[in-house]
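What follows is calculated from the coordinates using simple rules that are stated; it is not laboratory data. None of these values were measured; they are calculated from a predicted model. Cβ: placed from backbone, ideal geometry, glycine included. Neighbour counts: every protein chain shown.
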Amino acid sequence: MDNRILPNEFPTLSTDRLILRELVEEDALRVYSVLSSEKVTEYFGMFPLIDVETAKGIIARYKNSFNDDFAIRWGIELKETNIIIGTCGFHNWNHKHNRAEIGYELHEDYWDKGYAKEALKPIIEYGFSHMQLSRIEAIVYPENKNSENLLRKIGFDYEGLLKGYAFFRNKQQDLNMFSLLNNNI
């Protein structure tokens, strides 16, 4: 018997301007383009990528995490150009407690155009309806006001400061916790 909650085939989601799809190795150059930027990775918990091979490894980890029913990460593809402009998805999925952490990043050329908000809405719906999440968490650097504002706009509540919560970029980092509850459960 298959106990997977996620489907065996990677789900593709669509919005007016975006296609959210599985990343493949051929997307490595675009993923590298996004994650090699200091502006993008400053609050991502990692240093900028220095080569495309690392991007290929990240894509492989996303695939393995999906296959292991631990995470799901979509590539954010712009419909008008068919290029990947970022990624979004869930990780740290705790099946027992029906919660997962949401994450997202966009290439800096696509900031302030509403793409992140547009991408997050269908994945949140997917998390509640298909993954059976009762809680979606987001942890954010306190300095990352743009991300905090986005989370608040889509209904997340600020829960508090997690002191020394994670070891990011060679130091213990305080992070703010936000959550969104599925009130339909």
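Expressed per residue, the C-alpha convex hull volume of the chain stands at 125 Å³.
Label sites at Asn144 and Trp111, each approximated as a point 7 angstrom past Cα along Cα to Cβ, lie 1.2 nm apart. Report summary: the helix-based calculation at 222 nm, which adds -39500 (n - 2.57) for every DSSP H run with n ≥ 4 and divides by the residues of the chain, gives -8500 deg cm²/dmol.
Measuring against 24 Å, Cα to Cα, the residue pairs Lys113/Lys153; Lys63/Lys171; Lys39/Lys153 contain Lys63/Lys171 as the ones spanning a longer distance. Helices meeting the span-like rule in the chain (full DSSP H runs, Cα extent of at least 15 Å along the helix axis, mean Kyte-Doolittle score of -1.0 or higher): 52-67, 115-129. When each of Trp111, Trp74 is scored by the number of other beta-carbon atoms lying within 10 Å, the sequence from fewest to most is Trp111, Trp74.
Which of rounded, prolate or oblate describes the stretch 49-116 when judged by the alpha-carbon gyration tensor and an a/c cut-off of 1.5? It comes out oblate by the Cα gyration axes. Near Phe128, once Lys and Arg are set to +1 and Asp and Glu to -1 for all other residues with Cβ below 12 Å from its Cβ, the sum equals +2. If we count every other residue with Cβ under 12 angstrom of Glu137's Cβ, Lys/Arg +1 and Asp/Glu -1, where does the sum land? The answer is -1.
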